[in-house]
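Take a look at the structure below.
The values are calculated or read from the model by the stated rules, or taken from the named source; none is laboratory data. Just so it is clear, the model here is predicted, and its values are computed rather than measured. As a convention, Cβ positions derive from the backbone with ideal geometry for all residues, glycine included, and neighbour counts pool all protein chains shown. For the accessible areas, the whole protein counts, side chains as well, though only heavy atoms, and no ligand, DNA or RNA atoms are used. Shrake-Rupley method; radii C 1.70, N 1.55, O 1.52, S 1.80 Å.
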Amino acid sequence: MRFVATYGGLYDDGAWLAEALAPRTDDGSLDDAGALYAAFVDAVETAPPLDQMRLMRAHPDLIDKAAVGEARSPADAATGDTDDRSNSGGIDRCTPEEYATIEALHARYRKRFGLPFILATRGLDLGRVMAALQARLAHDFDAERRTALSELHKIAGARLAAFTAAPDLQGAGPEAPQEDAQEAPAGDQSPDGPSQS
């Protein structure tokens with residue numbers, strides 16, 4: 001079905017969400033991007049905990065993007081001129097010391113929660129990414145599960161907003177979508193392009 005093919009990638013491994021919502025497309029109630037986003041969020045929030053965990057575990061791990069590399073120039077950072085990896089929160093441009101720190105923090109996170117570290121990174125620098133990782137290590141499991149789901153909603157909202165060219169998605173639904181690290185496809189492509197935490 002076209003709806004599933006188009007929106008099944010808003011959440012990684014989330015085709016089942018689109019399949020559940022597909023029957024609601026017949027009455028036009030999901031024609032609005034904000035309503036569509038809210039429906040996806042509600043489907044995730046009301047899903048059984050094991051299905052929520054499946055979504056979180058399917059998300060690509062932020063640490064997989066970590067690399068030692070050159071930082072963006074101050075001019076690029078100020079103007080927003082960046083290359084195709086610009087939305088990674090700077091994690092792809094670590095110093096060797098930063099890389100070692102984030103790798104150690106991530107190993108602690110994985111051991112503590114058994115989840116990939118999920119963070120909507122658009123607009124964040126490496127310092128803020130590392131601070132978020134450090135702060136979230138202090139969560140108990142339930143608090144971190146809620147935070148990770150919230151970050152997934154932000155990522156899905158940004159994917160949907162970019163895909164539908166709907167800037168009015170800000171503030172729609174129970175979790176307002178925010179810009180994130182996702183580069184959503186343009187045109188008639190599916191929104192399930194390369195995923196970033």
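Some observations on this one:
- Counted residues, the stretch 117-130 - those being open to solvent by 60 Å² or more (accessible area, probe 1.4 Å) and without any contact (Cβ under 8 Å) to a residue 60 or more places away in the chain: 3
- Unique match (being at pLDDT below 90 and either of a type in the set (D, E, K, R) or open to solvent by less than 60 Å² (accessible area, probe 1.4 Å) (or both)) among ASP76, ASP142: ASP76
- Subset of the stretch 33-62 [outside any helix (DSSP H, G or I) and buried (at least 16 other Cβ atoms within 10 Å of the Cβ)]: ALA47, HIS59, ASP61
- Of all residues in the stretch 1-32 being of a type in the set (Ser, Thr, Tyr) and either part of a helix (DSSP H, G or I) or modelled with pLDDT of 95 or more (or both), the one that is surrounded by the most Cβ atoms within 10 Å (Cβ to Cβ): TYR7
- Applying a threshold of 6 Å to beta carbon distances and a minimum spacing of six or more residues, or different chains, the list of pairs starting in the stretch 10-34 at a residue that is within 15 Å of THR164 (Cα to Cα) and ending at one that is among the small types (Gly, Ala, Ser) reads LEU10/ALA156; LEU30/ALA39; ALA33/ALA166; GLY34/ALA172.
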